[in-house]
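Sharing a structure with you now.
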Amino acid sequence: MLTSGGDSPGMNAAVRAAVRAGVNTGLEMFGVRHGYKGLIAGDVQRLGAREVGGILERGGTILGTSRCEAFRTKAGQAQAVRRLEALRIGGLIVIGGNGSQAGAYALTEHGVRVVGIASTIDNDLAGSDITLGATTALDVALEAIDRLRVTASAHGRVFLVEVMGRKCGYLALLAGVAGGAEAIVIPEEEQSPEDVATAIRAAYQRGKSHAVVIVAEGARHDADALAHYFTEHAERLGFELRIVKLGHVQRGGAPHVFDRIYASLLGAAAVEHLQAGSHGVMLGIVGGQITATSLAALGSLHKPLDPRLVHLAHVLAQ
Ligand code: F6P
């Protein structure tokens with residue numbers, strides 16, 4: 001198995017579950033170091049039940065991860081396949097997000113038996129209602145937002161809190177709704193800096209002592225762009241502003257209970273799928289059930305934000 005792309009809380013728990021489920025049925029299990037980079041280099045180690053002890057509660061990934069340009073090339077993929085053949089690896093579990101699952105699909109085209117596990121804090125993967133690590137990342141963001149609201153209120157300030165999510169507004173939307181934000185800025189909605197300023201002014205007019213604005217990093221007007229606009233128009237707008245970019249802090253958390261259980265189910269299910277001859281799929285959760293989606297179909301599937309939640313965010317910000 002390998003972990004690839006941005007690490008996300010629960011990757012270790014998935015590795016642990018896959019190793020122990022595999023060993024339990026008599027399989028030999030191996031971990032690839034540093035994702036596809038390690039696969040190309042043949043950097044592989046055998047993993048027994050004891051080697052994966054004490055990692056359930058750890059964030060990050062004990063296997064290491066990478067974003068590997070070489071693996072995007074045909075030559076890189078061919079080298080990875082040669083390594084797998086030389087090591088007589090019968091199946092590969094790829095734990096990661098969009099790019100990692102695209103890589104997994106590329107390997108299936110070379111005849112490799114692959115099962116993916118939907119794992120990214122961004123929750124931008126079709127084929128899974130929620131991806132591994134996203135809920136822990138949200139809890140981390142919420143803890144920060146709750147603290148920021150306290151100091152924002154004490155000073156009557158506006159806080160722009162930028163959260164990760166790449167091109168997807170999921171983390172910002174959920175953190176905004178759960179964190180009681182006065183405004184949420186996401187790539188999926190067109191909002192001008194003046195729209196955001198209007199929402200902030202309206203919050204003060206309603207008697208609020210602060211305004212917390214959650215901004216998705218992928219929004220057209222990210223935290224820097226908004227801050228630039230608000231500073232340029234500071235006199236007219238009349239509010240004091242601070243920016244906090246949560247960034248990678250969101251990724252480093254220890255997996256919370258949902259991600260530990262979810263990772264355990266996914267890791268074990270990945271082994272079961274490979275043993276049952278079901279591969280070329282990515283595992284996630286759909287309607288509460290562990291579900292396999294074809295890797296071939298994944299690239300053309302889009303996962304939109306829940307419009308009810310987008311609407312609710314506006315209602316609750318009042
Ligand atoms: O995909 C996960 C993610 O954390 C995104 O939210 C973010 O845009 C990106 O990875 C950051 O990547 P890196 O760690 O390579 O800077």
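Among the residues in region 147-166, are any near the ligand (Cβ under 10 Å from one of its atoms) and either without any contact (Cβ under 8 Å) to a residue 60 or more places away in the chain or over 19 Å from the mean Cα position of the chain (by Cα) (or both)?
Filtering region 147-166 down to residues near the ligand (Cβ under 10 Å from one of its atoms) leaves 163-166.
Okay, now just the ones that are also either without any contact (Cβ under 8 Å) to a residue 60 or more places away in the chain or over 19 Å from the mean Cα position of the chain (by Cα) (or both), so 165-166.
Yes, the conditions are met somewhere in region 147-166.
Right, something else. Does Lys303 satisfy being assigned by TED's automatic domain parsing to the domain that holds Gly180, surrounded by fewer than 20 Cβ atoms within 10 Å (Cβ to Cβ) and among the basic types (Lys, Arg)? Talk me through it step by step, then tell me what you get.
Details: assigned by TED's automatic domain parsing to the domain that holds Gly180: no; surrounded by fewer than 20 Cβ atoms within 10 Å (Cβ to Cβ): yes; among the basic types (Lys, Arg): yes.
In short, no.
Next question, about the same structure. For region 66-73, state whether one or more residues are touching a residue at least 24 places away in the same chain (Cβ under 8 Å), part of a loop (DSSP other than H, G, I, E, B) and over 30 Å from Val140 (Cα atoms).
No, the conditions are met nowhere in region 66-73.
Let me ask another. In this structure, is Thr25 hydroxyl-bearing (Ser, Thr, Tyr), without any contact (Cβ under 8 Å) to a residue 60 or more places away in the chain and assigned by TED's automatic domain parsing to the domain that holds Met282? Quick ask: steps written out before the conclusion?
On the way: hydroxyl-bearing (Ser, Thr, Tyr): yes; without any contact (Cβ under 8 Å) to a residue 60 or more places away in the chain: no; assigned by TED's automatic domain parsing to the domain that holds Met282: yes.
No, not satisfied.
Being closer than 25 Å to Cys168 by Cβ, among the polar types (S, T, N, Q) and at pLDDT 95 or above is true for just one of Gln77, Gln45, Gln101. Which residue is that? Give the steps one after another, and end with the answer.
Values: Gln77 fails: closer than 25 Å to Cys168 by Cβ; Gln45 fails: closer than 25 Å to Cys168 by Cβ.
Being closer than 25 Å to Cys168 by Cβ, among the polar types (S, T, N, Q) and at pLDDT 95 or above holds for just one of Gln77, Gln45, Gln101, which is Gln101.
Just one of Ile261, Ile290, Ile285 is in contact with a Ser or Thr (Cβ under 7 Å, 6 or more places away or on another chain) and either in the same structural domain as Ser100 (by TED's automatic domain parsing) or surrounded by fewer than 14 Cβ atoms within 10 Å (Cβ to Cβ) (or both); which is it? Talk me through it step by step, then tell me what you get.
Numbers: Ile261 fails: in contact with a Ser or Thr (Cβ under 7 Å, 6 or more places away or on another chain); Ile290 fails: in contact with a Ser or Thr (Cβ under 7 Å, 6 or more places away or on another chain).
The match here is Ile285.
Can you go through Gly60, Gly35, Gly53 and tell me which one is closer than 17 Å to Ala254 by Cβ and within 16 Å of the ligand (Cβ to nearest atom)? Explain how you work it out, then say what you get.
Details: Gly35 fails: closer than 17 Å to Ala254 by Cβ; Gly53 fails: within 16 Å of the ligand (Cβ to nearest atom).
None of the other options fit; the residue is Gly60.
State which residue is surrounded by the fewest Cβ atoms within 10 Å (Cβ to Cβ) when the search covers only region 102-139 and only residues that are charged (D, E, K, R) and more than 10 Å from the ligand (Cβ to nearest atom). It would help to see each step written out before you state the result.
Just the residues of region 102-139 that are charged (D, E, K, R), to begin with: 109, 113, 122, 124, 129, 139.
Next cut, more than 10 Å from the ligand (Cβ to nearest atom) only: 109, 113, 129, 139.
Values: Glu109: 12, Arg113: 18, Asp129: 18, Asp139: 18.
Step by step, filter region 102-139, then rank; the result is Glu109.
The values are calculated or read from the model by the stated rules, or taken from the named source; none is laboratory data. Small disclaimer: the values here were computed from a predicted structure and weren't measured. No Cβ is skipped: glycine too gets one built from the backbone with ideal geometry, and neighbour counts run over all protein chains shown.
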